[in-house]
């Protein structure tokens, strides 16, 4: 009898998963020119991928009732049909109406990658099923570990190799070649099982009734929950990090990568490593969940690390529990179908429901509590629960411990409100409270209550108060909160980033603040607009913020603002910020993606065009490509002035802009303010560019403008751009 050929099936399943997760960031990168880089764009993409995965698993479960030969023929045909859509290209559909992005973005991804992704997504359960058909195959579930190892490899390969080395067109072409090779591997795998067709069909048919009867609704519900919580937690961690910790480049890929890696550990044949994760998971969830909640809104790297560690350890623990409750191989495709449905439910809750229902990232602490309700506590219950001989005494002690933990944590949080970091004494007190809280793992109810007490006391109650006061709004593009300072100044926060500041008082409220002071690059440029272009200068501003730049408008000038998020405009319309109403009440505000809107406008519409569409340190890459620059230059005359905001903590944008300027023959100068934090003026870097050297030299003649750094690397285009060579690695530490 032929061998089980585990190596062939392992390679086939690994190759399919590699392609599956290589294409995810590739399609997201394709969509950048139309979607920008908001965190919810990635979450929407993930929701589509999870839905397609569910469809693929349902298809795999359905055709599992046929003979292996029939399965193979059907699947090869499905793969071939999916291949007709290759090489991949972004679907050409009309842009969304404002407020409908949450539905439009998934539709775009579905049309772009749907057929090919669906075909490959069935690989994992089908290949495992075919492998298990051999009498000597053994346990097929560890092949799922190989599947997710391939997924992890594909996800890392994209930012580290594919994006820096190849254009989007080349990436799509090479991926299509890989897709063709995968079809060859699938055909080879089917041929390797040609002698065991009848046993597979017979076993499947015999197990249909027995499998359905033996799988209770309780078991199905457990499978769904154990899959949904890690999936939702992966997406909520992404949103939580990029919204409330820091929007660092490449940060969005890390949660998905660790989520995939968790399957490789949880489904491994050797259980020792998974056992360690299961044991430490209750401690990690309590400690790291508390730290992450406490540091929300403080841009704390420790909190970012805590959130990522929590996701990885908890995902391994919950997926290990899922593995321990796996059915026999005869129900393998059904198991994966339900597991995929759970993953899709978690994604649906986080990517679609939460942004509509919640005004903050409440889905994150809720999913942490869901994980607390499901984590295996067996070892801790034995270690702690057996210390109590009297159940009534144990009940009283655990209840008292919950109260102590809540009040002590609340006291620590309130004492730290005026500080950016905990003192050594506060850290010692927090560690002491966490040690006491671990006693609550003696029972499930007390552990869940203890986690809830920590999350509420270390920031949950404070955020509930902000929500109750109506000081926060959430949209597809971010979470915004108002902050009233003791001196009466009003701040708009976008996650952890100050989006704008307006001072109190009749005189002061018209004064430009934040990154837009009179000595900033944009301040100098706008104050000289009348001198350079006359009293009727036309000014376009991409990125409204709180409308600060409006107060540079002079009588006779014609200004137009572009803003992608209607929620941002609401802060000016409802009078919470009055820059627009005080200084430019009649200026039109165009809602939509500025790049698309500018492309539709007449040429030479503005004399000065300001690009200020950055959200925290997450740059909208699609606004810094050669194609974007051509749109800006079309919008201004040959002697027009382009002013770009390039402040960034993590990416060196000067050499990128210098290369863009060189490619279009532009003269460019940089003005960087120092680290000034007094009078609500913040450090900023602005670049002025023009096809007419005289315009830029007129600005530079006042002093304070410098040459840009030397150009580096190729020109960024919609087809090719990589931030990897420009990362400031020391700022990540």
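Taking a ≥ b ≥ c as the square roots of the eigenvalues of the Cα gyration tensor, an a/c ratio of 1.5 or more together with a/b no larger than b/c marks segment 587-669 as oblate.
Would you work out the relative contact order for segment 1-197, in percent, from Cα pairs under 8 angstrom that are 6 or more residues apart?
Values: 220 pairs, mean separation 87.7, N = 197.
Relative CO of segment 1-197 lands at 45 percent.
Taking the number of Cβ atoms within 10 Å of each Cβ as an exposure proxy, the fewest-first ranking of 238, 423 is 423, 238. Taking Cα atoms only, the orientation of helix 654-663 departs from the longest principal axis of the chain by about 70 degrees.
Exposure proxy check: 686, 175, 362 ranked by fewest other beta carbons within 10 Å? All intermediate terms of the calculation are to be shown ahead of the outcome.
Values: 686 26, 175 21, 362 17.
Going from least to most buried by this count: 362, 175, 686.
For the chain, what relative contact order do you get, as a whole percent, if you take Cα pairs closer than 8 Å and at least 6 residues apart?
Numbers: 1249 pairs, mean separation 97.5, N = 733.
Relative contact order of the chain: 13 percent.
Determine, for each peptide in 102-113, 315-326, 425-436, the mean count of other beta carbons within 10 angstrom over its residues, then list the peptides with the highest first.
Packing proxy ranking, top to bottom: 315-326, 102-113, 425-436.
Summing -39500 (n - 2.57) over the DSSP H runs of n ≥ 4 in the chain and dividing by its residue number, what mean residue ellipticity at 222 nm do you reach, to the nearest 500 deg cm²/dmol? Walk me through the numbers before you get to the answer.
Values: 27 runs with 399 residues, N = 733.
After summing the helix terms and dividing by the residues of the chain, the value is -18000 deg cm²/dmol.
Between helix 68-83 and the chain there is an angle of about 10 degrees, using the helix long axis and the longest principal axis of the Cα atoms. Taking a ≥ b ≥ c as the square roots of the Cα gyration tensor eigenvalues, with a/c under 1.5 meaning rounded and otherwise prolate when a/b beats b/c, else oblate, which class fits segment 491-732? Verdict is rounded for segment 491-732.
The order of the peptides 574-580, 605-611 by mean Cβ neighbours within 10 Å, most packed first, is 605-611, 574-580. As a length-normalised measure over Cα pairs under 8 Å and 6 or more apart, the relative contact order of segment 491-732 settles at 19 percent. The alpha carbons of the chain stretch over 88, 67, 39 Å along the principal axes, in descending order.
When Rg and the Kirkwood Rh are both derived from Cα coordinates, the Rg/Rh ratio for segment 336-393 amounts to 1.21.
Helix 168-192 against the longest principal axis of the chain: what's the angle in degrees, Cα atoms only, rounded to the nearest 10? Taking Cα atoms only, the helix is inclined about 0 degrees.
Rounded, prolate or oblate: pick one for segment 1-197, where a ≥ b ≥ c are the square roots of the eigenvalues of its C-alpha gyration tensor, a/c under 1.5 means rounded, and failing that, prolate if a/b is larger than b/c, else oblate.
prolate
When only alpha carbons of segment 16-121 are considered, Rg and Dmax amount to 15.1, 50 Å.
Values quoted throughout were computed directly from the atomic coordinates according to the rules given, and no laboratory measurement underlies them. Only a predicted model underlies this, so the values are computations on that prediction, with no experimental measurement involved. Cβ atoms come from the backbone with ideal geometry, glycine included; neighbour counts cover every protein chain shown.
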